[in-house]
Amino acid sequence: MTEKTLREVTVTFTGSCKGNPGPGSWKALLWDPATRKQDTARGDVPNTTNIRMELTAALEGIHRVKAGASLTMVGSNYVVQGMTEWITKWQANGWRKGGGGRVEHRELWEALIGAVKKHRTVMWRKA
């Protein structure tokens, strides 16, 4: 397969909730410039947190792209910093933050790590 035939997809993701915790929702917009196709995925959760919804949006967006693509993930500062700056330290520290507290939503961070590995490249960018 040549470089030109590999997909390049942009996934823009967001999540929020009313109250924290409270009812929440997530959304991921997928754009494939080669085919000029756009797709939207979304979901609602009755009781959640903002962070859970942001992580879920990123994860659901990645899951909707066929493995082997080059992704540009555009979303919240928290998720972008988590994936580009903090994750390596958290793993090295046994999923503990700098102050010794545990990293919240570890299962979602680990799921993101696994999902990223299925793609050729993943670039993270703040919205």
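Nothing in this text is a laboratory measurement; each read-out follows from the coordinates by a stated rule. Worth saying up front: this structure is predicted, and the values here are computed from it rather than measured. Neighbour counts run over all protein chains shown; Cβ positions are idealised from the backbone, glycine included.
Brief remarks follow.
- DSSP beta bridges confined to the chain are antiparallel in about 65 percent of cases.
- Nitroxide proxy distance, nm - points 7 Å out along Cα→Cβ at A92 and K126: 2.3
- Principal-axis analysis of the Cα atoms of the chain puts helix 106-116 at an angle of about 10° to the longest axis.
- Helix 50-63 vs. the chain, principal-axis angle (Cα, 0 to 90°, nearest 10): 30
- Between G24, G99, G114, the residue with the greatest mean-square fluctuation in the GNM of the chain (Cα pairs under 10 Å linked by springs) is G99.
- Each label point was placed 7 Å from the Cα along the Cα-to-Cβ direction; for N47 and W31 their separation is 3.8 nm.
- Long-range amide H partners of A69 with built H, under 5 Å: R120
- Euclidean distance between Cα centres, region 106-127 to region 16-62, Å: 14
- Exposure rule at most 15 other beta-carbon atoms within 10 Å, DSSP loop trypsin sites (Lys or Arg not before Pro): the chain longest free segment: 67-96
- Top of T35, T49, T14 by mean-square fluctuation, Gaussian network on the chain, Cα under 10 Å: T35
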